[in-house]
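I have placed the structure first, in the form of structure tokens, so that the comments after it can refer back to it.
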Amino acid sequence: MAKSAPPPGTSDIFPEEIASWYCLEDAARKIFPLYGFGELRTPVFEYTEVFQRGLGDDTEVVQKEMYTFEDRGGRSLTLRPEGTAGVMRAMAGTDVMNGNERRVYYVGPMFRGERPAAGRKRQFHQIGVENVGRVAPELDAECIAMLMHYLEEIGITGTRLLINTRGALSDRKPAEDALREYFSAGIDSMCDDCKTRFDKNIWRILDCKAPECQELIEKAPDVVSFFSEESQEYFRKVCAVLDSLNINYEIEPRLVRGLDYYVHTVFELTHPGLGAQNAIAGGGRYEVFLPDSKKPVIGVGYAVGMERLLMAREALGVAASEDNTPVFYLAGLGEKAIEFNMPLAGKLRAAGLKVVAEVENKSMKAQMRAANRIGATAAVICGDNELENNIVIVKDMEKGEQQEVSPETLADYLKSQYCS
RNA sequence: GUGGUUGUAGCUCAGUUGGUUAGAGCGCCUGGUUGUGGCCCAGGAGGUCGGGGGUUCGAGUCCCCUCAUCCACCCCA
């Protein structure tokens with residue numbers, strides 16, 4: 001088993017389980033274009049600085065979760081731990097920097113060197129969307145609406161939408177000062193993580209879950225009250241638009257999120273069927289700084305975790321869509337028949353039929369067993385007798401009935417019988 | 001990175017206080033029909049008991065290390 005196991009935190013997706021992945025991807029390709037979004041494909045790795053500057057040097061992800069390596073040209077590269085920074089790197093070369101808008105989505109693997117657990121892998125997959133270049137509360141709300149629309153399409157219900165504002169970058173200082181003043185009194189009684197957060201990123205104290213910290217956190221000052229009137233109004237407007245779209249949400253003042261690029265709206269979508277890692281999607285408005293650039297790329301977006309969507313669907317008992325197209329098994333009795341079957345299979349496939357042809361001269365019994373095992377709709381049997389008479393026998397696997405058919409009309413016969 | 005859990009056949013798992021050639025069910029292969037599947041019956045193939053070291057006359061079983069798994073913390077999707 002170890003010999004066939006992939007590296008820790010990764011997994012193989014076999015043909016038997018691919019259908020539900022297609023379902024998630026097909027739904028994205030169906031829903032997102034309705035909102036004007038098109039797919040963008042960026043590299044799986046970027047210059048390391050793209051993430052260091054983009055996500056923030058002090059974030060957990062950058063500090064200890066990135067797969068960073070040097071390539072043969074001595075460049076420091078990093079496997080993308082999330083999608084936004086790379087997308088912004090690509091967007092920076094377009095007219096979004098002049099206030100024009102672009103709407104893109106992406107699908108693909110992300111990489112983080114964490115200890116695997118339920119709903120957490122080292123290579124995991126996200127579907128993300130980014131509305132880049134403009135600032136408007138309506139866009140934030142529409143982004144969330146599109147997320148809910150997508151979840152509805154793939155049958156996920158029972159989610160909780162948590163939303164909060166982080167204010168503008170210029171709002172941070174006064175709020176941070178207030179937090180620091182408040183927590184400095186009680187920091188000694190808080191958990192070790194919070195002690196380092198106090199210096200590194202005081203905001204993150206707010207969503208600490210350690211019991212010994214809860215009492216202090218609950219009485220902490222309302223940071224939003226330190227934000228500018230414009231920022232507060234922006235958030236009120238986002239909520240108002242969500243209301244007008246009949247989207248249910250809960251304002252969670254302690255929702256901070258771990259990536260430094262967020263400003264104004266942040267949100268998270270959780271599902272009860274998942275275990276400790278219960279967020280299936282998260283996002284918000286951001287200002288992403290790229291290397292050698294003083295001006296950030298701005299936008300709003302989110303990412304959904306595909307593995308977690310799959311877990312949620314399983315918890316909800318949403319049936320994985322299965323492929324019901326008929327499969328035909330070509331049984332060949334004798335070397336001649338097997339030779340005859342290869343081009344015959346080609347003709348059937350050219351006509352759009354799914355065909356598996358046996359290539360070994362096995363017993364009839366073994367070949368019928370094989371036909372049964374692959375779930376063949378019908379077996380096409382060919383042997384010396386049939387070759388002599390220029391016919392093949394089509395055996396309906398469900399009814400058990402057999403029919404002689406000419407090889408020339410076989411494709412048409414199978415289509416008319418089994419493909420409605 | 002910290003803690004705990006588990007690791008025996010392709011899969012799900014038994015394996016008694018350490019005792020000869022390690023088992024079951026499912027799956028797979030062959031046969032029971034000169035060329036006919038599913039059900040049934042009979043045979044068969046398949047395992048360095050995750051790996052390494054140690055204790056012992058003897059280790060799947062006990063001890064240490066290591067690798068991997070799953071889960072929780074941290075953090076995130």
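Worth pointing out:
- Cβ-Cβ FRET estimate between A:Ser244 and A:Gln417, R0 fixed at 60 Å, reported to 0.05: 0.65
- Note, ³J(HN,Hα) from phi for region A:141-155, Karplus 6.51, -1.76, 1.60, rounded to Hz, x at Gly and Pro: 5, 5, 4, 5, 4, 5, 4, 5, 4, 4, 4, 4, 4, 9, x
- When shorter helices are ignored and each DSSP H run of at least 4 residues is given -39500 (n - 2.57), the per-residue value for chain A at 222 nm works out to -11000 deg cm²/dmol.
- Comparing mean-square fluctuations of A:Pro137, A:Pro326, A:Pro272 from a GNM of chain A with C-alpha springs under 10 Å, the top value falls on A:Pro326.
- Rounded to the nearest 20 debye, the dipole magnitude of region A:1-113 is 200 debye, with +1 charges on Lys and Arg beta carbons, -1 on Asp and Glu beta carbons, and the Cα centre as origin.
- Each part gets one Cα centre, and for region A:165-208 versus region A:56-76 those centres are 26 Å apart.
- Cα-projected label distance for A:Gln402 with A:Glu101, points at 7 Å along beta-carbon direction, nm: 6.7
- The eigenvalues of the Cα gyration tensor, multiplied by 5 and square-rooted, give region A:57-210 an equivalent ellipsoid with semi-axes of 29, 23, 20 Å from largest to smallest.
- Across chain A, Cα-Cα pairs farther apart than 31 Å form 53% of the total.
- Anchor A:Lys415: aspartates and glutamates whose Cα lies under 14 Å away (excluding residues fewer than 8 positions away in-chain): A:Asp396
- Remark: region A:5-67 carries a charge dipole of roughly 240 debye about the Cα centre, counting +1 on each Lys and Arg Cβ and -1 on each Asp and Glu Cβ.
- GNM flexibility winner over chain A from A:Gly400, A:Gly119, A:Gly56 (Cα, springs under 10 Å): A:Gly400
- Pairs over the 24 Å Cα-Cα cut-off, from the set A:Lys64/A:Lys173; A:Lys336/A:Lys362; A:Lys121/A:Lys219; A:Lys121/A:Lys209; A:Lys336/A:Lys365: A:Lys64/A:Lys173; A:Lys121/A:Lys219.
- Label-to-label distance, nm, for residues given as A:Ala320 and A:Lys362 (7 Å Cα→Cβ offset): 2.4
- Of all stretches in chain A that contain no GluC sites (Glu not before Pro) in a DSSP loop with at most 13 other Cβ atoms within 10 Å, the longest one is A:1-321.
No lab work stands behind these numbers, since they all come straight from the coordinates. Everything numeric in this text was worked out from a predicted model, so none of it was measured. Methodologically, a virtual Cβ is constructed for each residue, glycine included, from the backbone with ideal geometry; neighbour enumeration extends over all protein chains shown.
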